[in-house]
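Colleague: I have a structure here, written as C-alpha cells, and I will follow up with some questions on it.
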Amino acid sequence: MLVTLPPMPILPSPIELVTARLPQRHRAAGGEFLRFGLVGAFGFSLDVAVVYALNPWIGLYAAGMVAYFVAASANWALNRVWTFRGRAHRAAHTQWMRFLAVNLFGFMLNRGAYSALIAAFVLPRHYPVLAVAAGAATGFLVNFLLSRRVVFG
C-alpha cells in the first residue's frame, strides 16, 4: 500500500517576510539590503578569522589588509550569486575588479577606522574583533550603495 502525501506548501523566506512589510516600491531594494547585510556578516566573520590567523606571522596591520581583500572577494562572489542575482551581470573578472575598485572608498573608511582604533587604543590591540567590527560598520552603507548602483546596477 503506497501512501501519497500532499505537497508541502512553499513557505516565504525570512527576508520575504520582512520585506513584505515595506511599501511595494522598496521591497526589491529592501531584500537586497538584507541579503547584502547577511553576506556582510559572513564577510565580517571571514575577515576576523583571517586577521586572527595571520596576526602571529605578519602583524595586525598586514593581517588586516590581507583579511579585507579575502573578505571583499568572498563578498563579491556571494553578492553576485545571491544578493543581486536578478540583475544583469558583466563578465565575472570585470565585475570583481569593479567591485574592488568602487569599494575602495568603503575600504578607506573600513580600514581607516580599524587602523585608528589599533593605533589609539590598547583594547582593540588585544581584541582585534572590536577594530574589525568598527571598520565593517563604517563602510557598510557606502559599500551597499556603490555595489547596488555601480557594480551590479
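Colleague: Quick check, is V129 more than 15 Å from the chain's Cα centre (by Cα) and closer than 22 Å to S45 by Cβ?
Modeller: yes
Colleague: Determine which single condition P14 fails, assuming it passes every other condition in (1) farther than 18 Å from V150 by Cα; (2) modelled with pLDDT under 95; (3) within 22 Å of the chain's Cα centre (by Cα); (4) open to solvent by less than 60 Å² (accessible area, probe 1.4 Å).
Modeller: Against the list (1) farther than 18 Å from V150 by Cα; (2) modelled with pLDDT under 95; (3) within 22 Å of the chain's Cα centre (by Cα); (4) open to solvent by less than 60 Å² (accessible area, probe 1.4 Å), P14 comes up short only on (4).
Colleague: Let me ask something else. Specify the residue that is least open to solvent (accessible area, probe 1.4 Å); the eligible residues are those in the stretch 118-139 that are among the β-branched types (V, I, T) and touching a residue at least 60 places away in the same chain (Cβ under 8 Å).
Modeller: By that ranking, first place goes to V132.
Colleague: Here are the criteria: (1) hydroxyl-bearing (S, T, Y); (2) surrounded by fewer than 18 Cβ atoms within 10 Å (Cβ to Cβ); (3) touching a helix residue (DSSP H, G or I) at 6+ places or on another chain (Cβ under 6 Å). Tell me which single one S115 does not satisfy.
Modeller: Every condition holds for S115 apart from (3).
Colleague: Same structure again: Can you confirm whether F42 is closer than 30 Å to T19 by Cα, hydrophobic (A, V, I, L, M, F, W, C), buried (at least 20 other Cβ atoms within 10 Å of the Cβ) and in contact (Cβ under 8 Å) with a residue 24 or more places away in the chain?
Modeller: Spelling it out, it is not the case that F42 is closer than 30 Å to T19 by Cα, hydrophobic (A, V, I, L, M, F, W, C), buried (at least 20 other Cβ atoms within 10 Å of the Cβ) and in contact (Cβ under 8 Å) with a residue 24 or more places away in the chain.
Colleague: Being within 25 Å of A49 (Cβ to Cβ) and within 14 Å of the chain's Cα centre (by Cα) narrows it down to one residue among V142, V122; which is it?
Modeller: V142
Colleague: Would you pick out the residues in the stretch 86-103 that are of a type in the set (D, E, K, R), out of contact with any Phe, Trp or Tyr (no Cβ under 7 Å at 6 or more places or on another chain) and modelled with pLDDT under 90?
Modeller: R90
Colleague: Kindly list, by first and then second residue, each pair from a residue in the stretch 56-72 that is touching a residue at least 24 places away in the same chain (Cβ under 8 Å) to a residue that is open to solvent by less than 60 Å² (accessible area, probe 1.4 Å) and hydroxyl-bearing (S, T, Y), limited to pairs with Cβ atoms under 8 Å and residues at least 6 apart or on different chains.
Modeller: Y61/S115; G64/Y114; G64/S115
The rows are residues; the columns are (1) surrounded by fewer than 20 Cβ atoms within 10 Å (Cβ to Cβ); (2) under 20 Å from L145 (Cβ atoms); (3) among the basic types (K, R).
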| residue | (1), (2), (3) |
| --- | --- |
| A49 | yes, no, no |
| V70 | yes, no, no |
| R85 | yes, yes, yes |
| R90 | yes, yes, yes |
| L100 | yes, yes, no |
| N103 | no, yes, no |
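The values are calculated or read from the model by the stated rules, or taken from the named source; none is laboratory data. Since the model is a prediction, treat every value here as computed from it, not as a measurement. We place every Cβ from the backbone using ideal geometry, glycine too, and count neighbours over all the protein chains shown. These area figures cover heavy atoms from the full protein model, side chains too; ligands, DNA and RNA do not enter into them. Shrake-Rupley method; radii C 1.70, N 1.55, O 1.52, S 1.80 Å.
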